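The structure under discussion appears below in the form of structure tokens.
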Amino acid sequence: MDRREFLLNTAKASGVIFPSWGLLPLANAQAASGKILVYVHADGGIDHDSWTDPAIGMGINNYTTAGTPVVRAGNIAMAPMGNNAAFAARFQNQLLLVNGINTATNSHEDGSRRFSTGKLEMGFAPICELHAAKYGPGQPVAWMARDDGGATISAGFVTPTPVPNGDQLRQLVTPNAASATQDFMKQSDVDKTIAARDARLQALKASGVLLPKERLITEQFIAGKEARIRLEAVAALIPATFSQQFADIQVGLIGAQAGITAAIQVARGGFDAHGNIEDYNGANGSLTRLTNALTFIWDEAAVRGLTDRLLVMVGGEFGRTLLNGSGGKDHNNVGGTYMLMLPPGSGLANRTVGYTGPRHEQRTINPRTGAPDPNGIVLSPSHVHQAIHEYLGIAPSLPSLAMSVPAAEKISLFSSSMVTGHPSLPA
Amino acid sequence: MRGFVSEGGAGVLQYQPCVNGVMSQQLFPIDDKTPNGSLRAGVGAVRQIMLHRYRPLYVEMQGDRGRTTTTVYQFQRALGTVESCKALPSDIAPKVRLLANGGTPAWRLVVTDATAVLELPDKKSLKLPVGAFKAAGTNQTSKEPLARFYEAQLPDGQPIRIEVNPQMCSDGKSETAYGARVTVRIEKQAVQGCAARF
């Protein structure tokens, strides 16, 4: 009889009721198969025409004034800034871009909440929380988050767990570790203690009769034991060294691989470019830092065998204006964007839905086909969230938490035939 | 006065001046005597949309700082994008007495002791007689709650009228609020904007 079988038998004999997650064997934890949602907040409000809604013409952006051609990769168009060209070339068949979103706010806090929940009003769950509530109930770190407060205000289903850094994670899963190389106690002493506890449990089982208090202690012990088994699964996945730049993402994906995390929320900043849009550009600009982070997500997911389970969602806070007098760009409720990244081979990517006019005027589209339509709808974050909720199967059953998008306005975002393209750019 | 403003207990505005690139540890409660409550309105407007909205907000204003309190007569501008006393904006020269601008299309009026230049949307740069702006930027006008008007003639003889109304002015996009609304009228055409010095 192995340790696990012994624990289960002991529990049965004593009438212990397990927490549901406590019954999951380690093997199941490692073989989790649900979707993993990664939400990346482009903190500060990413400028759409520096990103997925490129433009041409004077005064919109520096590259448009200079006449630099827009990046094209398959059906995807991106701005010729940062490392966008290489990024689009590599991921074109995984990209589903949503442009021309009206956030109805110019506020950072309201915008970040609107992008992560779909709603401007308070009280709605961030999409990571909904996903964690559906696919990670009882998981110790179902929603791992390193993002600002506005985007992670919980609706009460799941508490966001701050992403620990690599050393913190190591200490969390191996409590005897004081650091990467030092232990608090001699490991041999810890092993003896654990062996003694196991022996005591054996004795309890042998006695055949457990008093209520003993039963309670046994229950707690077994629950703790199962949690430790889960954490041991995490320990086995921790690398010798963590990434310097992307430890938050790496820790989140380790959690997902170990079956303790369903949703990961992180942020990459530097997008509030009132002063100079060139802060986005170059090898160390905020765009390159963002695309490097997105690239790392997929590279690390491939290493950990998670690629087919991943949905990556990049959201900002609002759109931005044309160039202001300082060479920067201010807030604009028109022009917000989402970037969705799907697993390779999904057949749903290499598309753009929604658009803005030549100088980023608001435009309307047909909610079924995506085609420009003067009688169509203005896209909002609610439309996009509604579609993703249905795609992931995480739509809240409580009407008060639903997106409440009218049936006629529901968009067919995950139908490969819904395409707007980039009608404001020359063919 | 240049420094950071935050809201204290009971909503009292508090001022922390910048001294040699460092934010003062002392908080000076503000007696807000700005016309139309433009200081509080400006702080509120920027705070509504700024990044990290609960941190102290950079403000430029005119008034008197006492030992323990500050009296503010004129709110000039608040910028949500300034994060510390180490990186204060230097886009307005000390000699500027009237500075107004507007967008879409962009225009700008700059008055100093020696020059008065109006840059209009069509890139036309017009020199105006400085004498017409004698009152602008003085201690007297900083305490003046009513709108005031400056009138002059363009080189081609066309009359120009500039109205400066001391009330909070913001575009709601740039994380900036100003202390006055400005309208420039040339014949039947008019452009509107905000003033950071007036």
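Scanning the stretch A:129-145 for residues that are assigned to a loop (DSSP other than H, G, I, E, B) and among the small types (G, A, S), which turns out surrounded by the most Cβ atoms within 10 Å (Cβ to Cβ)? Write out each step before concluding.
Here is the first cut: in the stretch A:129-145, the residues assigned to a loop (DSSP other than H, G, I, E, B) are A:136-142.
Now narrow it down to the ones that are among the small types (G, A, S): A:136, A:138, A:142.
On the way: A:G136: 27, A:G138: 11, A:A142: 25.
Looking at residues that are assigned to a loop (DSSP other than H, G, I, E, B) and among the small types (G, A, S), I get A:G136.
Before we move on, is B:A190 more than 14 Å from chain A (Cβ to nearest Cβ), in a loop (DSSP other than H, G, I, E, B) and exposed (fewer than 14 other Cβ atoms within 10 Å of the Cβ)?
Values: more than 14 Å from chain A (Cβ to nearest Cβ): yes; in a loop (DSSP other than H, G, I, E, B): no; exposed (fewer than 14 other Cβ atoms within 10 Å of the Cβ): yes.
It is false that B:A190 is more than 14 Å from chain A (Cβ to nearest Cβ), in a loop (DSSP other than H, G, I, E, B) and exposed (fewer than 14 other Cβ atoms within 10 Å of the Cβ).
Quick one: how many residues across the stretch B:79-104 are more than 18 Å from the chain's Cα centre (by Cα) and either within 18 Å of B:M1 (Cβ to Cβ) or touching a residue at least 40 places away in the same chain (Cβ under 8 Å) (or both)?
Applying the first criterion (more than 18 Å from the chain's Cα centre (by Cα)) to the stretch B:79-104 yields B:83-87, B:104.
Then keep just the ones that are either within 18 Å of B:M1 (Cβ to Cβ) or touching a residue at least 40 places away in the same chain (Cβ under 8 Å) (or both); that gives B:84-87.
The total comes to 4.
For the stretch A:241-263, how many residues meet the condition of being touching an Asp or Glu at 6+ places or on another chain (Cβ under 8 Å) and either among the aliphatic types (A, V, I, L, M) or on the phi > 0 side of the Ramachandran plot (or both)?
Residues that pass the stated criteria total 3.
Is it the case that A:I264 is outside any helix (DSSP H, G or I), among the β-branched types (V, I, T), at pLDDT 95 or above and within 30 Å of A:G82 (Cβ to Cβ)?
Working: outside any helix (DSSP H, G or I): yes; among the β-branched types (V, I, T): yes; at pLDDT 95 or above: yes; within 30 Å of A:G82 (Cβ to Cβ): yes.
Answer is yes for this residue.
Could you identify the single residue in A:L96, A:L130 that is modelled with pLDDT of 95 or more, within 23 Å of A:R363 (Cα to Cα) and not polar (S, T, N, Q)? Break it down into steps so the answer makes sense when it comes.
On the way: A:L130 fails: within 23 Å of A:R363 (Cα to Cα).
Exactly one of A:L96, A:L130 is modelled with pLDDT of 95 or more, within 23 Å of A:R363 (Cα to Cα) and not polar (S, T, N, Q), namely A:L96.
Under 6 Å between Cβ atoms, which residue pairs at least 6 apart in sequence (or on different chains) link something in the stretch A:84-109 that is within 14 Å of chain B (Cβ to nearest Cβ) with a partner that is among the hydrophobic types (A, V, I, L, M, F, W, C) and part of a helix (DSSP H, G or I)?
A:N106/B:I49; A:S107/B:I49
Could you grab me the full set of residues in the stretch A:401-414 that are assigned to a loop (DSSP other than H, G, I, E, B) and surrounded by fewer than 15 Cβ atoms within 10 Å (Cβ to Cβ)? Spell out the reasoning first.
Applying the first criterion (assigned to a loop (DSSP other than H, G, I, E, B)) to the stretch A:401-414 yields A:402-406, A:410-414.
Within the stretch A:401-414, A:S404, A:P406 meet the criteria.
Is it the case that some residue within the stretch B:15-28 is within 14 Å of chain A (Cβ to nearest Cβ) and either of a type in the set (A, V, I, L, M) or crowded, with 22+ Cβ neighbours inside 10 Å (or both)? Write out each step before concluding.
Quick first cut of the stretch B:15-28, residues within 14 Å of chain A (Cβ to nearest Cβ) only: none.
Taking every residue of the stretch B:15-28 in turn, none turns out to be within 14 Å of chain A (Cβ to nearest Cβ) and either of a type in the set (A, V, I, L, M) or crowded, with 22+ Cβ neighbours inside 10 Å (or both).
Could you tell me how many of the residues in the stretch B:49-64 are free of Cβ contacts under 8 Å to residues at least 60 places away in the same chain and either in contact with an Asp or Glu (Cβ under 8 Å, 6 or more places away or on another chain) or within 14 Å of chain A (Cβ to nearest Cβ) (or both)? Give the derivation first.
Step one: filter the stretch B:49-64 for residues free of Cβ contacts under 8 Å to residues at least 60 places away in the same chain, giving B:52-59, B:64.
Add one more test, that the residue is either in contact with an Asp or Glu (Cβ under 8 Å, 6 or more places away or on another chain) or within 14 Å of chain A (Cβ to nearest Cβ) (or both), and what stays is B:52-55, B:57-58.
Final tally of qualifying residues: 6.
When B:D31 is evaluated against the numbered criteria (1) of a type in the set (D, E, K, R); (2) within 14 Å of another protein chain (Cβ to nearest Cβ); (3) surrounded by 14 or more Cβ atoms within 10 Å (Cβ to Cβ), which criterion, by number, is the only one it fails?
(2)
Among the residues of the stretch A:264-284, write down those that are more than 14 Å from chain B (Cβ to nearest Cβ), at negative phi and of a type in the set (G, A, S).
The one that is more than 14 Å from chain B (Cβ to nearest Cβ), at negative phi and of a type in the set (G, A, S): A:A283.
Need the failing condition index for B:Q76 against (1) within 12 Å of chain A (Cβ to nearest Cβ); (2) in contact (Cβ under 8 Å) with a residue 40 or more places away in the chain; (3) within 24 Å of B:M50 (Cα to Cα), just the number.
Result: B:Q76 fails condition (1) only.
Determine whether B:V110 is under 30 Å from B:I186 (Cβ atoms) and either in the same structural domain as B:A177 (by TED's automatic domain parsing) or in contact (Cβ under 8 Å) with a residue 40 or more places away in the chain (or both). If you could, list the steps in order and put the result at the bottom.
Working: under 30 Å from B:I186 (Cβ atoms): yes; either in the same structural domain as B:A177 (by TED's automatic domain parsing) or in contact (Cβ under 8 Å) with a residue 40 or more places away in the chain (or both): yes.
The answer is yes for B:V110.
Can we say B:R67 is modelled with pLDDT under 95, closer than 22 Å to B:K143 by Cα and of a type in the set (K, R)? Spell out how you get there, then give the answer.
Details: modelled with pLDDT under 95: yes; closer than 22 Å to B:K143 by Cα: yes; of a type in the set (K, R): yes.
Spelling it out, B:R67 is indeed modelled with pLDDT under 95, closer than 22 Å to B:K143 by Cα and of a type in the set (K, R).
Within 14 Å of chain B (Cβ to nearest Cβ) and not aromatic (F, W, Y): which single residue out of A:N350, A:N332 fits that description? If you could, list the steps in order and put the result at the bottom.
On the way: A:N350 fails: within 14 Å of chain B (Cβ to nearest Cβ).
Only one candidate passes the filter, namely A:N332.
Given the criterion within 14 Å of chain B (Cβ to nearest Cβ) and either more than 12 Å from A:I394 (Cβ to Cβ) or crowded, with 24+ Cβ neighbours inside 10 Å (or both), identify the matching residue among A:D167, A:D148. It would help to see each step written out before you state the result.
Values: A:D167 fails: within 14 Å of chain B (Cβ to nearest Cβ).
Unique residue meeting the criteria: A:D148.
The values are calculated or read from the model by the stated rules, or taken from the named source; none is laboratory data. As the structure is a computational prediction, the values presented were derived from the model and not from experiment. Using ideal geometry, Cβ is built from the backbone for each residue, glycine included, and neighbour counts are taken over all protein chains shown.
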